[in-house]
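Here the structure comes first, spelled out in structure tokens, and everything after it is commentary.
The values are calculated or read from the model by the stated rules, or taken from the named source; none is laboratory data. Source: prediction; values computed, not measured. Methodologically, a virtual Cβ is constructed for each residue, glycine included, from the backbone with ideal geometry; neighbour enumeration extends over all protein chains shown. Accessible surface is based on the protein model in full, side chains and every heavy atom, while ligands, DNA and RNA are left aside. Shrake-Rupley method; radii C 1.70, N 1.55, O 1.52, S 1.80 Å.
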Amino acid sequence: RAKGLIKARAALQRENLTESERREYDYLQRIRSENRSTVASAIDVGKLEARNELLPIIAEKEQALAHERTEKERERTEKERALARMEAMAAELAALKSKKG
């Protein structure tokens with residue numbers, strides 16, 4: 001369980017191999033390393049491609065949300081103006097009623 005124990009064990013096992021077995025072992029390790037590198041590169045490329053595909057979609061959705069917010073703000077402003085006009089009319093009506101009465 002000690003840190004590095006697995007690597008130490010692998011190194012000892014490698015030392016006990018014959019020369020031809022050691023060459024084969026080293027070759028297999030090199031192939032495994034290259035395969036891991038290839039997989040990591042493919043993953044990076046896939047992430048980059050996915051990012052490039054998603055950026056326009058994200059930008060479009062953000063633009064739609066901004067437009068929606070603008071529309072809601074415009075509607076709210078129109079409602080506030082209409083309410084202010086109604087309140088002004090109600091105040092005028094109340095003033096007229098108080099003059100008559």
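For the reader, a short list of remarks on this structure follows.
- Taking (1) open to solvent by less than 100 Å² (accessible area, probe 1.4 Å); (2) not in a helix (DSSP H, G or I) in turn, ALA66 satisfies each apart from (2).
- A single entry from ARG14, ARG30 fulfils the requirement of being modelled with pLDDT of 90 or more, part of a helix (DSSP H, G or I), surrounded by 10 or more Cβ atoms within 10 Å (Cβ to Cβ) and of a type in the set (Lys, Arg): ARG30.
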